[in-house]
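Inspection log for the structure reproduced underneath, given as structure tokens.
All of the numbers you see were taken from the coordinates with simple rules; none came from a lab. Please read these numbers as outputs of a predicted model, since none were measured by experiment. Heads up, the Cβs are rebuilt from the backbone with ideal geometry, glycines too, and the neighbour counts pull from every protein chain shown.
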């Protein structure tokens, strides 16, 4: 049990994360209750940062169980909104001319 190493939830095997596999097998509610017992929201781990990096498709499912994690900073000092901005920027599909609101809204 190493809650500071949240990668175990998002490690991929055959293209699917362990977390997604658990959601499909036992359901989101049961899986998240188990995860929350191991990683309580009060422990202030930036779990949503890990979700954005490794399994962005699970953001809504996990986010509803860790709403306060949106206010945390990761080990680099980034807020969740900053991380989302950097992640989208790295994809290389945004230009200021076509997506100016994306760049203007970066805070």
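Assorted remarks:
- Computed from Cα positions, the angle between helix 80-90 and the longest principal axis of the chain comes to roughly 60 degrees.
- Helical content alone sets the calculated 222 nm signal of the chain at -13000 deg cm²/dmol, taking -39,500 (n - 2.57) per DSSP H segment of four or more residues and averaging over every residue.
- For segment 74-107 and segment 10-49, distance of Cα centres in Å: 25 Å
- Efficiency of FRET from Cβ geometry, residue 59 and residue 38, R₀ 25 Å, rounded to 0.05: 0.80
- Degrees separating the helix 28-38 axis from the principal Cα axis of the chain, which is the longest one: 80 degrees
- Across the alpha-carbon set of the chain, the Rg to Rh ratio works out to 1.01, Rh being the Kirkwood radius.
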